[in-house]
Ligand code: SAH
């Protein structure tokens with residue numbers, strides 16, 4: 001029996017997983033926080049799924065690094081997780097062979113591509129490089145790809161982001177993973193990132209358009225992969 005914490009930024013990404021695991025909404029976190037928690041026990045494990053919740057100011061999901069770090073930190077105060085899974089969507093690269101709805105397991109290090117601090121002693125700190133668990137065995141067993149994940153707080157990217165994503169050897173571009181990896185590093189929790197591709201970073205169409213079009217299908221693939229992972233963990 002393990003305590004498994006699943007962090008999912010957006011409600012639409014989380015919903016299929018919540019349903020598959022029969023989780024029920026709970027209000028465990030401090031009232032000031034917008035994150036939502038869903039708890040349950042199924043088969044071998046206890047689960048706490050945390051989403052970043054909605055912004056009361058802007059009416060959209062609290063995507064990005066700050067809510068992810070605060071939400072995970074708060075959740076770890078009340079749930080002694082044996083494992084933290086980050087399930088979410090990401091952009092991928094057609095030129096690297098990515099397909100829409102393809103699922104990647106993270107590979108260390110998890111890095112940022114928008115924390116540029118061009119002072120020699122701060123450069124590596126800005127880039128991050130936080131560990132995740134070795135996913136090679138899980139990837140082999142479930143026939144999933146392993147990939148490097150690169151995080152920023154932008155859905156689009158500029159030339160500097162592009163250069164750093166290349167330096168990071170990025171396979172998955174998203175907006176939470178490095179922040180969650182940092183919290184797991186602080187709390188010494190094993191961290192397992194699972195990312196499904198909603199859009200192509202090197203595609204012809206705008207990211208937001210691809211994202212909306214592919215979201216449902218990709219979240220279904222993400223849920224299937226998470227359920228299979230949970231069965232063999
Ligand atoms: N256009 C979306 C906004 C979602 S923001 C909407 O209207 O709902 C993007 C979310 O999906 C973030 O949580 C991020 O982790 C993930 N994501 C998917 N594709 C991405 C990409 N190409 N770049 C950055 N984040 C991406």
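Laboratory data are not the source of any read-out in this text; all were calculated from the coordinates shown. Since we're looking at a predicted model, the values are computed, not measured. Glycine also receives a Cβ, built like all others from the backbone with ideal geometry; neighbour counts cover every protein chain displayed.
Per-structure values
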| quantity | calculated |
| --- | --- |
| Most fluctuating residue given options 223, 173, 189, as computed from a GNM of the chain linking Cα atoms under 10 Å | 189 |
| Centre separation in Å (Cα based) which lies between region 1-66 and region 112-139 | 25 |
| Simple label model, 7 Å out from Cα along Cβ direction - residue 95 to residue 3, nm | 4.5 |
| Normalised contact order of the chain, rounded percent, pairs of Cα under 8 Å and 6 or more residues apart | 25 |
| Between helix 207-232 and the chain: long-axis angle, C-alpha atoms, 0 to 90°, nearest 10 | 50 |
| Between 0 and 90°, nearest 10: helix 177-187 axis offset from the chain longest Cα axis | 60 |
| Considering only the chain, percent of DSSP beta bridges that pair antiparallel, nearest 5 | 35 |
| Tilt relative to the chain, helix 65-78 - C-alpha long axis, 0 to 90 degrees, to 10 | 30 |
